[in-house]
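Just so it is clear, none of the values below were taken in a lab; they were calculated from the coordinates. This one's a predicted model, so the numbers in the text were calculated from it and none came from an experiment. Heads up, the Cβs are rebuilt from the backbone with ideal geometry, glycines too, and the neighbour counts pull from every protein chain shown.
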Amino acid sequence: MKSIGDSGEELARAYLFKKGYRILEQNYKVSFGEIDIIAEKSNCICFVEVKSRKSNKYGTPEEAITRYKQKKIVKVAQLYIKQKRIKDKYFRFDVIVVVFNNYLLKEIKHITNVFFE
């Protein structure tokens with residue numbers, strides 16, 4: 001059985017694809033961090049953090065993305081841009097929140113430009 005996190009990321013990729021995004025990377029890992037999804041639409045590269053939850057018992061999924069986590073994501077994104085030699089593109093950081101109820105999808109929410117560096 002897949003974990004809630006894996007299921008959430010799979011649903012997030014399908015959601016982005018349906019909205020016209022091209023998935024460039026999934027679970028892009030470097031020694032100091034990871035970005036769940038890197039996608040492109042129009043002339044914009046989106047670095048997407050996916051947060052999946054069964055409840056808000058321990059806070060909302062968005063609250064789990066601390067300032068420390070944001071800084072790590074930005075550093076990983078900067079390395080990705082440098083390694084891929086990406087020029088003439090816009091960049092943004094998004095969050096996709098996936099909420100389950102008894103392992104069934106209850107809600108999926110895409111928040112764009114959620115943080116800046």
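What number of residues in region 73-96 are small (Gly, Ala, Ser) and assigned to a strand (DSSP E or B)?
Initial filter on region 73-96 (small (Gly, Ala, Ser)): 77.
Pick out the ones that are also assigned to a strand (DSSP E or B) and you get none.
Of the residues in that region, 0 qualify.
Just for region 5-20: of the residues that are surrounded by 14 or more Cβ atoms within 10 Å (Cβ to Cβ) and of a type in the set (A, V, I, L, M), which one is nearest to residue 40 (Cα to Cα)?
Filtering region 5-20 down to residues surrounded by 14 or more Cβ atoms within 10 Å (Cβ to Cβ) leaves 5, 7-13, 15-16.
Applying the additional criterion that residues be of a type in the set (A, V, I, L, M) yields 11-12, 16.
Details: 11: 17, 12: 14, 16: 9 Å.
Here the answer is 16.
Does any residue in region 45-57 that is under 11 Å from residue 98 (Cα atoms) come within less than 6 Å, Cβ to Cβ, of a residue that is surrounded by fewer than 22 Cβ atoms within 10 Å (Cβ to Cβ) and small (Gly, Ala, Ser) six or more places away or on a different chain, and which pairs are these?
51/64; 52/5
Any idea which of (1) over 19 Å from residue 26 (Cα atoms); (2) touching a residue at least 60 places away in the same chain (Cβ under 8 Å); (3) under 14 Å from the mean Cα position of the chain (by Cα) is the one residue 100 doesn't satisfy?
(3)
Quick check on region 25-35. Is at least one of its residues acidic (Asp, Glu), touching a helix residue (DSSP H, G or I) at 6+ places or on another chain (Cβ under 7 Å) and either buried (at least 19 other Cβ atoms within 10 Å of the Cβ) or without any contact (Cβ under 8 Å) to a residue 24 or more places away in the chain (or both)?
Going through region 25-35, the residues acidic (Asp, Glu) turn out to be 25, 34.
Going one step further and asking which of them are touching a helix residue (DSSP H, G or I) at 6+ places or on another chain (Cβ under 7 Å), we end up with 34.
Subsequent filtering for residues that are either buried (at least 19 other Cβ atoms within 10 Å of the Cβ) or without any contact (Cβ under 8 Å) to a residue 24 or more places away in the chain (or both) retains none.
No, because not a single residue in region 25-35 is acidic (Asp, Glu), touching a helix residue (DSSP H, G or I) at 6+ places or on another chain (Cβ under 7 Å) and either buried (at least 19 other Cβ atoms within 10 Å of the Cβ) or without any contact (Cβ under 8 Å) to a residue 24 or more places away in the chain (or both).
Out of all the residues in region 1-50, which are under 15 Å from residue 113 (Cα atoms) and among the charged types (D, E, K, R)?
40, 41, 49
Just the residues that are part of a loop (DSSP other than H, G, I, E, B) and aliphatic (A, V, I, L, M), please, taken from region 97-117.
Step one: list which residues in region 97-117 are part of a loop (DSSP other than H, G, I, E, B), which gives 102-103, 112-117.
Matches in region 97-117: 114 only.
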